[in-house]
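Take this structure, written in structure tokens, and hold onto it; I'll ask about it next.
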Amino acid sequence: MATYTSDPAQLERWNTRFSAEGYLFGTEPNAFLASQRARLKPGMRALSIADGDGRNSVFLARQGLEVTAFDFSPVAIEKAKRLAAQAGVRVDYRQSDMMAWEWEPSRYDVIAAIFFQFLDPRQRAKVFAGLETSLAPGGLLLLQGYRPEQIANGTGGPKEDENMYTEPLLRESFANLEILHLASHDDVIEEGTAHRGMSALIDLVARKPG
């Protein structure tokens, strides 16, 4: 997870966080993403958005996918490149503001959208539309985020209720996709130093028709 606007203060904040020793979100993939391994086939074209320091893009590449990943923080990208090199995989890393990313039509067979919730509703709607646009026919969206109950947990994520996900929000936002899996649950997660403890989560697997 990373930040998504061109605000220099936000860029400095995230660069500072990613500059700490080790990997901010750990080196193991997000557990939900890893649980979808059976849906991933070698040769699929994948995009990991707001990829942070590389755990999810490297996981996708290790499954034999052709992976593009972007993040706002150049410090995070350099760490991600080192992680990919250590794993012996190739990832096309790019630096981009979330709101400036070019959503190429029908470009990807898989998009991993894990914990990118520092977006207000207007920004989120634009990004959600971009995700749908960039999925190829038959492509899969793998999304995990926090529900409003996460604010009380205080174990990661934003502090604004409007940034959180609910099942009705995701059903409405991705009404044009076939929802294969949508679940709300509470689980303890341990993802580096940034996400630790009981967390109010929501998972989505959706397929673009075609």
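The values are calculated or read from the model by the stated rules, or taken from the named source; none is laboratory data. Model, not experiment: these values are computed from the prediction. All Cβ positions, even for glycine, are placed from backbone atoms using ideal geometry, and neighbour counts span all protein chains on display. For accessibility, only protein heavy atoms count, side chains too; no ligands or nucleic acids. Shrake-Rupley method; radii C 1.70, N 1.55, O 1.52, S 1.80 Å.
Specify which of the listed residues (G145, G197) is outside any loop (DSSP other than H, G, I, E, B) and at positive phi.
Working: G145 fails: at positive phi.
Only one candidate qualifies: G197.
Which one of these is touching a residue at least 24 places away in the same chain (Cβ under 8 Å), surrounded by fewer than 22 Cβ atoms within 10 Å (Cβ to Cβ) and β-branched (V, I, T): I179, I151?
I179
Could you please let me know if K81 is modelled with pLDDT of 95 or more, part of a loop (DSSP other than H, G, I, E, B) and surrounded by fewer than 20 Cβ atoms within 10 Å (Cβ to Cβ)?
Taking the combined requirement at face value, the residue does not satisfy it.
Now for a separate question. Looking for something of a type in the set (V, I, T), in contact with a strand residue (DSSP E or B) (Cβ under 9 Å, 6 or more places away or on another chain), closer than 29 Å to E21 by Cβ and surrounded by fewer than 24 Cβ atoms within 10 Å (Cβ to Cβ) - is there at least one such residue anywhere in the stretch 54-67?
no
Right, here's the next one. Looking at (1) in a helix (DSSP H, G or I); (2) surrounded by 14 or more Cβ atoms within 10 Å (Cβ to Cβ), can you tell me which one T133 breaks?
(2)
Would you please name the residue that is least open to solvent (accessible area, probe 1.4 Å), looking only at residues in the stretch 89-123 that are in contact (Cβ under 8 Å) with a residue 24 or more places away in the chain and among the acidic types (D, E)?
Filtering first and then ranking leaves D97.
In the list E172, E162, which residue meets the criterion of being charged (D, E, K, R), modelled with pLDDT of 95 or more and either open to solvent by less than 10 Å² (accessible area, probe 1.4 Å) or over 26 Å from I189 (Cα atoms) (or both)?
E172
Do we have G138 as at positive phi, touching a Pro at 6+ places or on another chain (Cβ under 7 Å) and either open to solvent by 20 Å² or more (accessible area, probe 1.4 Å) or of a type in the set (V, I, T) (or both) here?
Working: at positive phi: yes; touching a Pro at 6+ places or on another chain (Cβ under 7 Å): no; either open to solvent by 20 Å² or more (accessible area, probe 1.4 Å) or of a type in the set (V, I, T) (or both): yes.
No; evaluated as a whole, the condition is false for this residue.
Ok, one more. Quickly run through the stretch 195-210 and pick out the residues that are at pLDDT below 95, under 26 Å from Y108 (Cβ atoms) and surrounded by 13 or more Cβ atoms within 10 Å (Cβ to Cβ).
Initially, the stretch 195-210 is screened for residues at pLDDT below 95, giving 195-199, 210.
Subset that is under 26 Å from Y108 (Cβ atoms): 195, 210.
Once the filter is applied, which keeps residues that are at pLDDT below 95, under 26 Å from Y108 (Cβ atoms) and surrounded by 13 or more Cβ atoms within 10 Å (Cβ to Cβ), the stretch 195-210 yields only H195.
If you don't mind, another one. Which ones in the stretch 105-123 are closer than 30 Å to E160 by Cα and either assigned to a helix (DSSP H, G or I) or in contact with a strand residue (DSSP E or B) (Cβ under 9 Å, 6 or more places away or on another chain) (or both)?
Answer for the stretch 105-123, where residues must be closer than 30 Å to E160 by Cα and either assigned to a helix (DSSP H, G or I) or in contact with a strand residue (DSSP E or B) (Cβ under 9 Å, 6 or more places away or on another chain) (or both): V110, I111, A112, A113, I114, F115, F116, Q117, P121, R122, Q123.
May I ask you to list the residues in the stretch 33-50 that are at pLDDT 95 or above, under 11 Å from the mean Cα position of the chain (by Cα) and surrounded by 24 or more Cβ atoms within 10 Å (Cβ to Cβ)?
L47, S48, I49
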